Structures are given as C-alpha cells and as structure tokens.
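The values are calculated or read from the model by the stated rules, or taken from the named source; none is laboratory data. As the structure is a prediction and not an experimental result, all values here were calculated from the model. Cβ: placed from backbone, ideal geometry, glycine included. Neighbour counts: every protein chain shown. Areas reflect the complete protein model, heavy atoms only, side chains present, ligands, DNA and RNA absent. Shrake-Rupley method; radii C 1.70, N 1.55, O 1.52, S 1.80 Å.
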Number of protein chains: 4
Amino acid sequence: MVRVIKEKNKREKILQAAITVLSEKGLEKTKISDIVKEAGVAQGTFYLYFPSKNALIPAIADSMFQKSLEKIKEKIDDNTSFFHQLEDIIDITFQVTAEYREVLALCYSGLAITGVLQEWEKIYEPYYNWIEERIIIAQNKKEIRDDMNSRIIAKLLIELIEGTAEQVYLFEEDEKNASDYHRELLSFIKHSFAK
Amino acid sequence: MVRVIKEKNKREKILQAAITVLSEKGLEKTKISDIVKEAGVAQGTFYLYFPSKNALIPAIADSMFQKSLEKIKEKIDDNTSFFHQLEDIIDITFQVTAEYREVLALCYSGLAITGVLQEWEKIYEPYYNWIEERIIIAQNKKEIRDDMNSRIIAKLLIELIEGTAEQVYLFEEDEKNASDYHRELLSFIKHSFAK
Amino acid sequence: MVRVIKEKNKREKILQAAITVLSEKGLEKTKISDIVKEAGVAQGTFYLYFPSKNALIPAIADSMFQKSLEKIKEKIDDNTSFFHQLEDIIDITFQVTAEYREVLALCYSGLAITGVLQEWEKIYEPYYNWIEERIIIAQNKKEIRDDMNSRIIAKLLIELIEGTAEQVYLFEEDEKNASDYHRELLSFIKHSFAK
Amino acid sequence: MVRVIKEKNKREKILQAAITVLSEKGLEKTKISDIVKEAGVAQGTFYLYFPSKNALIPAIADSMFQKSLEKIKEKIDDNTSFFHQLEDIIDITFQVTAEYREVLALCYSGLAITGVLQEWEKIYEPYYNWIEERIIIAQNKKEIRDDMNSRIIAKLLIELIEGTAEQVYLFEEDEKNASDYHRELLSFIKHSFAK
DNA sequence: TATGAATGAGTCTTCATTCAT
DNA sequence: CATGAATGAAGACTCATTCAT
C-alpha cells in the first residue's frame, strides 16, 4: 500500500523538480542532472518515467493546465451572471499567470521548439468546452448576444484573456499597470458580448 | 561596386538562409553548418555578421516584423473608416501568419529561450504606436467609443488579431475554418469598439 | 518434481535465449534485457545463473562445441578408413558451421574481446586429442605417412577444415561453391597425408 | 605543400594512435579520449576523419594488411622455386603475426562484432589474386600437381598458413614450438602440392 | 529462488566557436 | 573580408548490475 503511493509519487516528484529547475534556469540551461538532483533520484530513474528531456515539456504543460482549470472550475459559481463569471476567470488567469510566469513561458517556447504545437489543442480542449458551455448558457439566458459562433468565440476569449495576462506578466517590464489592463480587458470583452 | 553590393548582401543572404533552414528543421535541429551551406558561405563567415547563433532569432524576428508592418502601412488607406481599416489589418495579419507560420513559431520560442522577452516589446513598439494613433483618430472622429485607454486597447487588439491568426494557422489542424474565424473576430472587435 | 525440472532448465532457457538473440543482433546490440525478455524471466534472474554478461560467451562456445563434437563422435565409424573418416568430419563440420554461422562468429569475436583466447584451447582440447588418436591409429595402420608430429598435424587439420568451412559460410557471399571447396579441401588433405 | 603533408598525416596519426591504444587495451576498454590523447589532437578532430569508433576497425585491418602484403611481395623472388617462395611466405606471415598479434586479434573480433565480415574478403582480394598467380605459374612449370582449383587452393593455403601462425602466436601459451609448427606446416603443404 | 525498480558510472558524439592562413 | 579545419566543453542517454521485497 505504502509502496503504491511511493511509486505514484516518483513520477510526480520528478515532474515537480523539473518545474522548479526549469523555471529557474530555462530549457536550454537545465540539465537532466539538475532535475534528478532536485528530485533526489538517480539519473537513470528519470528515464524510467520520461523517454527524453523534451518529453518533459508536454507533461509539465499538461500538469500546469490541469491545476489552472481545476482552480477556475472550483471558484466559478454557476449561479452568478456571465459577466461576473468572466471577471472571476480573468482574476484567476491573471493570478495563475503571475504565479507561474516562467513555467508558462517555458511551455510556450518548449512546445514550439519540440514542434508539437498541436499538443496544446488537446490540452486546452476541456477548457474550450467548458467556456463554450458557459457562453451557450448565457446566450440561452439572453445575457449576451446570440449571433456568434460559440466555439470560436470561446477560443478567442481564452486567447484574449491569456494573451493579456502574458502581456502584463511576461512582457511588460513592471506590473503596476496590471489593474489597468484588467479593467480595459473586462470592458473590452463586455462590449463584445453585449446585446 | 558590384562587389560592394554583393558584400552588403552577404548578411542578408545568411539571414534568408537561416529563415529557410529554420522553417524546415526547427530551432533545435538547425545547425550553423546547415545555414552556411544553404547560404553558400564558409562556416567562419557566419560569425563575421552575427555574434552567435542565438543572435539570429531577434534578427529574424525584426526582419519579419518590418516586412509585415510595411505591408500593413502601405495597404491601409487613412481615408477609410476605422472598421474598414480593421478589416484590412486582419486580412494582412492572416496572410502573413499563413505565409510565415513556421518562422513565427520559431520567433516566439526563440525569444523565450534566449530569455529576451522584452525584445518583443521593442520590436512591436512602432506597431503599437501606429495602431494607437488610428484608435485615437477614430475616437476623435467619434467612430468608436472613447472611454478606453488607447494604449492598452492597441495592445489587446494586436494580441487578439495575431493570437487568432496563430490559432488558425499554427494550432488548428486544417485551415478550412479560417474565414469563420475571420468573421467572428471582426464581429467581436466591432462590438468592442461600438459606441 | 516438475518444478525441479523446470528450475534446472532455467539456466538452459536463458542460454538458448541468449544464443537466439545474439545470433540476431550481434554482441554489441544485444542487451541483457533482450535476453531475459526472450527467456521469459526477470532481469535479476539472469544473475542467478551467470555472473556477468561476458560470462555468456564462453558458456555459449562451450555448449556449441560440445554438441559438435558429440555429433562427430557419434557419426564416425572407427572401423572405416582414415580417409573415409576424414570425409565424414568435413561433412559434419560444414553442416555445423552452416547451421550456427552467426553464433560461431560471435564466439570468435567474443573470446577475443574478453581476452580469454586461451579458453579456446581448453575447449578444443578434447577435439585435438580425439583427432590425434585417429592420426596415430592411421599411422600405425600405415594408412598415412608417419613422419609427422601427430599433435601439431591434428591442430593444423582442424584449423584447415574449420577455416575452410568458415570461409564458405561466413565470408563468402553465397554458398553455391560449397561443394567445390569441399572437394578441393578433401583432395588437399589427402595429398598431405599420403605416403 | 607542407600543408598537404600535414593533412595527410593527421588521419594517419590518429590511425597509428588507435592501433597503439587498441593493441594495449582492446576494443571495449579503449575510449576515443585515449586515442586522441595518444594522437595529440582534439576529441572532435577524430570525427573529421572517422565517422565513428567502429569505423576504425576496417580502417586498421586495411592498413595492417597493406603493409603485410607489401612486405611479402617485396621479399618474394619470382625466380626461385614455388616451394622456396612458400617458405618465405610462411616466414613472413609468422613474423607479421608475431609482431602484430594483438592488432590482428582485434581485427578478427572487431570485424565480427561490427558485423562486417564481408569486408575481409575485399581486403584479402589482392592477396588471393597474387597467390593464385604463383600457383598457376608453378602449375605451368610443372612444379606442382595441376589437378586443383587454383582459386580455392589459394584461399585454403592462406587460411592454413595464417591460421597456423595465429595458433602459435595467439592461442598457444608459449612460442617455443614455433619452429615445430613451421616445419610441420611446410611439410604438410609440400605434400599437398606434390605431383 | 525470483522479481524488476532503481541505480549511477561512464562515454560517444555533437556543434558553436575560433583562428591561422 | 573570407575560409574551413580544428577545437574541446558539455550532456543526454544507456545498460550492466544490485537489492529490497
């Protein structure tokens, strides 16, 4: 019993160590030896759980994303208005982006480097679906205009929110404008959905 | 004189070769030796024009971006309405993204790798400014609502348009939905700006 | 009881698996993991029966050689003439070489690698002795000339027969000349022994 | 001019260093780093002249063999009798085998390991041809019996001489019997060829 | 005996960069 | 400016072996 828990933890342990080290040093400068040292396992053990260094990136992206989505789903109250939900989503996205900025940058670049851009789509799929649902519900409730392709708009919405959060926390030199971006973003989106 | 021109072109020749090879093979798999072979120069010659391999990425990004912006500026007619200009911008962005999809992915990843994310801002600066100007003009002309921070909205706008284009041409499996995305995007933005 | 038999066979099972895999992949590319997979036992089990990977080679060589010698001894009729016996020996040597060509190549290379060339001598000892006996008997019977060192000639003889078989089945591209070699070899030896 | 000589020497330098080190340590234990240290060049330089570690073996075999054959050809006097020539060939083969025993063992095992046994044939081709010529000449001169396939007998002859030399210098524990082997071998062959 | 997850030492190879010509 | 042979640091990955169960 204890054994099973241990086994399950070993992959997770390596993954967490990888996130830690990669966040600090970036993809190129991170050596497998750094990761296993951080994880407290042997060099060879890494290769029992991951086929290669590059295989880490999608695994991390997936892990990161799971957490974000969980956080969002758990915070959002289905009984509040669509716009209120939107605010919460933006809040959380900004928070998560701020907290994990290095890892996110890593994921973007890593997926591009390793040439598996399509992986993103698979990872995002549940998020797209979940947002689309909210949009359809809001359309049915007549909260927002209904002459839009809910699927595409879900993607644009996520793209816009995450892109803005990245703009603030990854590209911008300081974050003091975060609240301005936040406000403008919300306003921009509200107008887009307004009937 | 002919010689001088040739010499002057050598940097450009290497840059073009780099774009070609990088587009085909991706960042990790592209070796300097591939680039110089493609360019038809000696290995050492590369280092006469670029200080290092990593220095290529910003140079390419810059080159790419110049072309895009030029194309946009030259196509946009200042006398048409803001929304008409918007349509043109979206058109061109989609075109450029489609044409240079691999290079763009490369630029994103490359900038993240080399840790010079702030470079982006410098490169984009003129574009931000130019869009901001259009927004201010449109606000003054009362074409669009004026309760928005023109600077921030310029960034959001560019982010949204480019993000959507990338969605279509980099992440999506096929491009047959391009026109749907195009239409929804335009509609989304129009509603945002509407008074 | 059945269990005991099974256990006893486990070493043999591993040895056979090793022969199979090594014949297919060669020494360098064969991993212990391949062998145990083929044998259907666990990785650690290998080390219950063999102290190391290199220990396989002499074990295989020995096993191979035992079989060959048994086959030869059982086929040879002591009552026939020396030259008739020679023919049979050549026949069998050609057969065995043809059947186990990869394993033989392996044994040669393996013995050289592990630096235990002298092992060969030990393994061949019984064969040398046996051939030498035949030679002495034939000398006593005046079937062949007797001005030769029976010990040395036994070695030369074996060397020549096996070398020729290897020439045909290991080095030659096709085996269609096997019978020519066979005939020339026999004739060559006969003349050597002739009074 | 000096430059050309230098270039030509660098590959040769590495090859000689490889022979030295491999003779001492064997294939498995020899590291590229040992070879380049011995050769006095950089690690990477090795790969400018040889595609891999394994590529050394055929190159060494070839080099070794060239030297032997040259030595033989230069020593043999075409005007002497076939049997006299035979004696010289045996002499030289014994000498060369004694001198380069480790390298020869290496070549045999190495070619087997790397699975390129057929290379041997290509390398030996000129030697086979040269011996065959002598046999044919001797047949024409009626020095030896002419009811033999000169091609095959050339191979058997070489096989027998080299095999015996290896027996003496590679497998035998001490070499004090060398002259006995030498005498028996010559006698064995003479009888084979006798009319 | 049997297992197979874990170990970690060990090395081949790559490739950005340099510099003598 | 141009060359391209030479450099050598650096690290991903392998795999024989061990040992707790």
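Tabulated values for the structure
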quantity: Residue pairs, from the table C:10/C:75; C:29/D:53; C:53/D:25, whose Cα atoms sit over 23 Å apart; calculated: C:10/C:75
quantity: Other protein chain Cβ atoms within 10 Å, averaged over every residue that makes up A:186-193; calculated: 6
quantity: Test item: B:95-106 mean partner chain Cβ contacts at 10 Å; calculated: 1
quantity: Residue-averaged 222 nm ellipticity for the protein assembly as shown, from DSSP H runs of 4+ at -39500 (n - 2.57), nearest 500; calculated: -26000 deg cm²/dmol
quantity: Amide H within-cut-off set for residue D:172, under 5 Å, with H built and near neighbours excluded; calculated: none
quantity: Rotation relating B and C, chain C residue nearest the axis via C-beta, angstrom; calculated: C:29, 13
quantity: Nearest-first distances (nm) between copies at residue C:42, label 7 Å from Cα via Cβ; calculated: 1.6, 5.0, 6.2
quantity: Local electrostatic count at residue C:90 - Lys and Arg +1, Asp and Glu -1, tallied over other residues with Cβ under 12 Å; calculated: -2
quantity: Value of D in µm² per second that Stokes-Einstein yields for the protein assembly as shown, Kirkwood Rh from Cα pairs, at 10 °C (1.306 mPa s); calculated: 47
quantity: Label point 7 Å beyond Cα along the C-beta direction, distances from residue B:81 to other copies (nm, shortest first); calculated: 2.9, 11.6, 11.7
quantity: Inter-part distance where region C:21-99 and region D:177-191 are each reduced to a Cα centre, Å; calculated: 31
quantity: Loop-located trypsin sites (Lys or Arg not before Pro) in region C:55-97, at most 10 other Cβ atoms within 10 Å (DSSP); calculated: none
quantity: Positive dipole terminus of the protein assembly as shown, leading residue within C:177, B:161, D:181 (C-beta point charges); calculated: D:181
quantity: Highest-fluctuation residue, C:79, C:140, C:129 considered, GNM on chain C with Cα pairs under 10 Å; calculated: C:79
quantity: Cβ-defined net charge surrounding residue D:128, 13 Å radius [Lys, Arg +1; Asp, Glu -1]; calculated: -3
quantity: Efficiency of FRET from Cβ geometry, residue A:130 and residue A:173, R₀ 35 Å, rounded to 0.05; calculated: 0.55
quantity: Length-normalised contact order for region B:1-98 - Cα pairs under 8 Å, 6+ apart - percent; calculated: 20
quantity: Local electrostatic count at residue D:172 - Lys and Arg +1, Asp and Glu -1, tallied over other residues with Cβ under 10 Å; calculated: -3
quantity: Sequence-separation-based contact order of chain C, relative, with Cα cut under 8 Å and 6+ spacing, percent; calculated: 20
quantity: Interface burial for A against B (accessible surface, 1.4 Å probe, total of both chains, Å², rounded to 100); calculated: 3600
quantity: Unsatisfied cross-links (Cα-Cα over 29 Å) in the set C:73/C:195; B:73/B:141; C:73/C:141; C:71/C:176; calculated: none
quantity: Per-residue average of Cβ from other chains inside 10 Å of A:171-184; calculated: 3
quantity: Residue B:37 versus residue A:20: modelled label distance in nm, points set 7 Å from Cα along the beta carbon direction; calculated: 4.3
quantity: Of all accessible heavy-atom area on chain D, the percent that carbon and sulfur account for (1.4 Å); calculated: 51
quantity: Separation of the residue C:70 and residue D:83 label points, Cα + 7 Å toward Cβ, nm; calculated: 4.6
quantity: Using a Förster distance of 60 Å, the FRET efficiency for residue A:141-residue B:48 (Cβ separation, nearest 0.05); calculated: 0.35
quantity: Chymotrypsin sites (Phe, Trp or Tyr not before Pro) lying in DSSP loop within region B:133-195, provided at most 14 other Cβ fall within 10 Å; calculated: none
quantity: Solvent exposure of chain C as accessible area per residue, Å², 1.4 Å probe; calculated: 48
quantity: Label-point separation, residue D:99 to residue A:95 (7 Å along Cα→Cβ), nm; calculated: 8.3
